[in-house]
1. May I ask you to list the residues in the range 199-208 that are assigned to a helix (DSSP H, G or I) and either under 26 Å from the mean Cα position of the chain (by Cα) or crowded, with 18+ Cβ neighbours inside 10 Å (or both)?
2. I'm trying to understand the selection: among the residues of the range 215-244, which are in a strand (DSSP E or B) and under 22 Å from residue 183 (Cβ atoms)?
3. Name every residue in the range 401-425 that is surrounded by fewer than 17 Cβ atoms within 10 Å (Cβ to Cβ), outside any loop (DSSP other than H, G, I, E, B) and in contact with a helix residue (DSSP H, G or I) (Cβ under 6 Å, 6 or more places away or on another chain), in order of residue number.
4. Identify, please: which residue in the range 111-133 is more than 6 Å from the ligand (Cβ to nearest atom) and not in a loop (DSSP other than H, G, I, E, B) and is, among those, farthest from residue 330 (Cα to Cα)?
5. Could you tell me how many of the residues in the range 207-252 are more than 18 Å from residue 271 (Cα to Cα) and without any contact (Cβ under 8 Å) to a residue 24 or more places away in the chain?
6. Which numbered condition in (1) over 26 Å from residue 420 (Cβ atoms); (2) more than 16 Å from the ligand (Cβ to nearest atom); (3) in contact (Cβ under 8 Å) with a residue 12 or more places away in the chain is the only one that residue 73 fails?
7. Does the range 137-148 hold any residues that are without any contact (Cβ under 8 Å) to a residue 60 or more places away in the chain and either away from the ligand (no atom under 12 Å from the Cβ) or surrounded by fewer than 20 Cβ atoms within 10 Å (Cβ to Cβ) (or both), and which are they?
8. Starting from residues that are closer than 21 Å to residue 74 by Cβ and out of contact with any helix residue (DSSP H, G or I) (no Cβ under 7 Å at 6 or more places or on another chain), keep the ones in the range 149-162 and report whichever is surrounded by the fewest Cβ atoms within 10 Å (Cβ to Cβ).
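Read-outs: derived from the displayed coordinates by stated rules, not from any lab. From a predicted model like this one, the values you see are computed outputs, not experimental measurements. All Cβ positions, glycine included, derive from the backbone under ideal geometry; neighbour counts span all protein chains shown.
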Ligand SMILES: Cc1cc2nc3c(=O)[nH]c(=O)nc-3n(C[C@H](O)[C@H](O)[C@H](O)COP(=O)(O)OP(=O)(O)OC[C@H]3O[C@@H](n4cnc5c(N)ncnc54)[C@H](O)[C@@H]3O)c2cc1C
């Protein structure tokens, strides 16, 4: 069997998870992939390895699809693109743009694989933007038997909503079809030091001010340190940027002086650029390193946003020494069974932490207790300590999802320690 096992990382991007897999395989054809799956008793895929927990790991064979051909097929009539399972947003975004198309939204890093991001419910921001998995209209998947199946929104209807955020539990996705929109230009508008009181009293106005808005805060001095607006430009022409916004002040890129400028997308306010150079935080041309980064994120109903943020703010002193930044983003409700925004407009409260594991072990339960009244849904790909029953309670369709897993993978080949925590059977 031809494979390139030496090229697969033995740990995740953040280096806090050492994969326990016995074998690492990088098939170069679908037939090889099918054979590996057929003959493995336990198997999983790792995408870019950007998840912060052991969701991608397995005790058996860990696969990477980076060895498969990288191909983007654009269907102009249906405004869709079919790409291969190992491809990242970096691989596809410039190609889509060149063909006159775009994706409706992106997360903060295009370095993840498309399917790895979708599997954990990855999202960007924007009151009217849904999570990235909502862009998926079809999947090609190898199931536990090694059979190649074609799944689609059109053919599978409501069941398809259980397949696009599936935590890698249904099989290995070899192709993904994504909905496209016409290519668009955007501009950044970056403000500094928004009074926290203004965020609380005018949250809807702030988050609805542009196509995608996110807020960054270290929870100190009653200030929201950053307001990042990504404005869609209808005719591609930049529009004038206001010098202040609800008492926050327009700033340039000096705030990002600690970042090498090729690593981030933020350059100047009010300068038009392609969607894929404005929506993410990290630049497609830059490398990003993970040793000093840990992340957690909790999603609450939009109506609970202010109460939940107030509860987090009350913990500011306790997290001051190990928080890098909190990012607050919004998502529109969807019907995807395991989506963090399932049937509710949602607010994501994200935390980038310094890698102080002792502090995090103690603090995450405290944070989760403070958020408990709001039934927080944890990001599937980040760090959390919520018990399984608290997580299951947030997902009314979890039993239906379990039935889907039993159908696709009756022997539990794709199950790992992570999935066994949350899924029964
Ligand atoms: C710097 C950084 C920034 C981030 N920003 C955001 C953000 O803005 N928004 C957000 O929501 N999240 C964010 N995340 C989290 C990240 O998007 C998720 O962890 C995502 O799942 C990582 O994608 P990946 O390709 O690395 O997948 P992995 O972490 O490698 O895998 C994730 C899951 O997908 C499964 N999987 C991967 N490929 C396949 C396949 N072909 N078939 C079946 N299953 C598969 C894996 O088995 C695993 O279960 C960020 C992470 C980092 C490190």
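1. At the first step, the residues of the range 199-208 found to be assigned to a helix (DSSP H, G or I) are 199-201, 203-207.
Those that are assigned to a helix (DSSP H, G or I) and either under 26 Å from the mean Cα position of the chain (by Cα) or crowded, with 18+ Cβ neighbours inside 10 Å (or both): 199, 200, 203, 204, 205, 206, 207.
2. Initially, the range 215-244 is screened for residues in a strand (DSSP E or B), giving 215-217, 223-233, 244.
Residues satisfying the conditions are 228, 229, 230, 231, 232, 233.
3. Selection gives 421 alone.
4. Among them, the one singled out is 114.
5. The qualifying residues number 1.
6. It fails just one condition, (3).
7. 137, 138
8. Filtering the range 149-162 down to residues closer than 21 Å to residue 74 by Cβ leaves 150-154.
With out of contact with any helix residue (DSSP H, G or I) (no Cβ under 7 Å at 6 or more places or on another chain) added as a condition, the list becomes 150, 154.
Details: 150: 12, 154: 9.
Looking at the filtered set, the residue picked out is 154.
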